[in-house]
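Trainee: Attaching a single structure in structure tokens format; questions to follow.
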Amino acid sequence: MFNVTLKSSGRQFSVAAGETVLEAAQRAGVALPYSCRAGVCGSCKATLLQGHCEYPRNPPLALSASALAHHAVLLCQAVPTSDLLLEAREVTSVEDIARRQLGMVVTEKWQLASDVTGLRLLPSHGERRLNRLPGQYLDVLLEDGKRRPFSIANGPQADGMVELHVRHVAGGGFTSWVNDALKVGDHLRVEGPLGTFVPREDSERPMLFVAGGTGFAPVKAIVEHFIALGTRRPMQLYWGARVAADLYLRPLAERWAAELPNLQFHAVVSEPVHAEQATGLRTGLVHEAVLVDHPDLSGYDVYMGGPPAMIDAAHQRFLDAGLPEERLYYDSFEYAPDVLAQIIAGRAGFHDLHG
Ligand SMILES: Cc1cc2nc3c(=O)[nH]c(=O)nc-3n(C[C@H](O)[C@H](O)[C@H](O)COP(=O)(O)OP(=O)(O)OC[C@H]3O[C@@H](n4cnc5c(N)ncnc54)[C@H](O)[C@@H]3O)c2cc1C
Ligand code: FES
């Protein structure tokens, strides 16, 4: 058993044999940032000030050689081999929210785009609703013990309703089943809430929201939260997809921009078809559009959700544009930890995932 001390807050917790720092922190009620839980997204990056750890599960793929040389560690994979002193961000707003499992019933299923299904789920009879913050995700629990993570696209509701935007992954077991066979009235078992992609209200800075594809789901929940709060902070929302039809809730984002003087919306398509070029859409990659408009990001808070290739590309470019890393909040839509572990073990395909 080793002890971990967090330098900024002085908080301490113990780590059992074979446990990762993140697992031990969660057991102790200390909320450290994370997203993919597989060592590939980098959300859980921290700095090791004293001590040693090893990576018996997945290697720390999200860390560059330079990050490793500067004592960066990935909390979701790092298993201590001594007591540790860490410099890590804490996300205290999610700390008191207990994570649990519950049964939910599908009350609505509809087509958002050709490969995106909208789902609304309510707690099954007798179940209590999930206590959660906007932007968090849940795991759908499959019968074989595996899990599939999906962001919740709406904020907390009195009746416990959660909305999901599920992209059909070619060759993907669960999302193919959702697309082809799931029907209203079916029951799903879920666990949540998960993740630390949540609104940060201890700031007066302007906010940039950057979504790729179904990365709009958690971004929507967070933007709606700030709108409901009546924030006066400037909000710029960039939503990128291949073609306009994939911007499946564009009228909603356009309505926000029309109704709110402090919110601007930019729709960006990377593979425009001829007709779309005339509709005033921006073309190119969504993070490039952000950088054209905001070459200096030092004064912003940035919230970002989307596919790994987009997150990877934007991450370094945004830091190069002056954004402090601790003000970049993101969820990278990786595959589930069991699938990533298999892909990493075989290594084939991993770099395809990350562009
Ligand atoms: C925090 C978070 C939030 C997310 N939120 C959303 C969301 O709101 N909306 C959304 O659409 N997505 C979201 N995702 C992504 C989503 O979880 C995945 O797309 C989903 O898990 C895919 O499940 P599946 O069972 O359909 O595919 P899987 O069966 O997991 O397969 C995924 C892909 O990997 C391939 N594959 C499987 N096993 C192997 C193997 N051993 N070797 C090589 N290749 C393999 C499959 O052929 C397929 O192409 C999120 C991910 C994370 C981490
Ligand atoms: S790398 Fe640890 S949560 Fe993604």
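Trainee: Answer with yes or no whether LEU188 is among the hydrophobic types (A, V, I, L, M, F, W, C), within 15 Å of ligand 1 (Cβ to nearest atom) and open to solvent by 10 Å² or more (accessible area, probe 1.4 Å).
Mentor: yes
Trainee: Same structure, new question: Given the structure, is GLY215 under 15 Å from VAL302 (Cβ atoms) and assigned to a helix (DSSP H, G or I)?
Mentor: yes
Trainee: Among the residues of the stretch 72-96, write down those that are farther than 19 Å from ALA38 by Cα, in a loop (DSSP other than H, G, I, E, B) and away from ligand 1 (no atom under 16 Å from the Cβ).
Mentor: THR81, SER82, ASP83, GLU90, GLU95, ASP96
Trainee: Quick test of your reading of the structure: ASP312 fulfils all but one of (1) away from ligand 1 (no atom under 16 Å from the Cβ); (2) open to solvent by 40 Å² or more (accessible area, probe 1.4 Å); (3) not in a loop (DSSP other than H, G, I, E, B). Name the failing condition by number.
Mentor: Going through the list (1) away from ligand 1 (no atom under 16 Å from the Cβ); (2) open to solvent by 40 Å² or more (accessible area, probe 1.4 Å); (3) not in a loop (DSSP other than H, G, I, E, B), ASP312 breaks only (1).
Trainee: Identify all residues within the stretch 325-344 that are farther than 14 Å from ARG148 by Cα, within 14 Å of ligand 2 (Cβ to nearest atom) and touching a strand residue (DSSP E or B) at 6+ places or on another chain (Cβ under 6 Å); write none if there are none.
Mentor: Of everything in the stretch 325-344, those that are farther than 14 Å from ARG148 by Cα, within 14 Å of ligand 2 (Cβ to nearest atom) and touching a strand residue (DSSP E or B) at 6+ places or on another chain (Cβ under 6 Å) turn out to be LEU328, TYR329, TYR330, ASP331.
Trainee: Out of all the residues in the stretch 29-66, which are more than 14 Å from ligand 2 (Cβ to nearest atom) and either open to solvent by less than 50 Å² (accessible area, probe 1.4 Å) or at pLDDT below 95 (or both)?
Mentor: GLY29, VAL30, LEU48, GLY51, ALA65, SER66
Trainee: As an exercise: evaluate HIS274 against (1) away from ligand 1 (no atom under 16 Å from the Cβ); (2) at pLDDT below 95; (3) surrounded by 15 or more Cβ atoms within 10 Å (Cβ to Cβ) and give the number of the one condition it does not meet.
Mentor: With respect to (1) away from ligand 1 (no atom under 16 Å from the Cβ); (2) at pLDDT below 95; (3) surrounded by 15 or more Cβ atoms within 10 Å (Cβ to Cβ), HIS274 is out only on (3).
Trainee: Open to solvent by 30 Å² or more (accessible area, probe 1.4 Å) and outside the structural domain of GLN316 (by TED's automatic domain parsing), is that true of GLN12?
Mentor: Criteria met by GLN12.
Trainee: Please enumerate the residues belonging to the stretch 248-269 that are part of a loop (DSSP other than H, G, I, E, B) and open to solvent by 50 Å² or more (accessible area, probe 1.4 Å).
Mentor: Answer for the stretch 248-269, where residues must be part of a loop (DSSP other than H, G, I, E, B) and open to solvent by 50 Å² or more (accessible area, probe 1.4 Å): just PRO261.
The values are calculated or read from the model by the stated rules, or taken from the named source; none is laboratory data. Given the structure is predicted, the values throughout are model-derived calculations rather than measurements. Counting neighbours? That spans all protein chains shown, and the Cβs are built from the backbone with ideal geometry, glycine included. Keep in mind that these areas ignore ligands, DNA and RNA; they rest on the heavy atoms of the full protein, side chains included. Shrake-Rupley method; radii C 1.70, N 1.55, O 1.52, S 1.80 Å.
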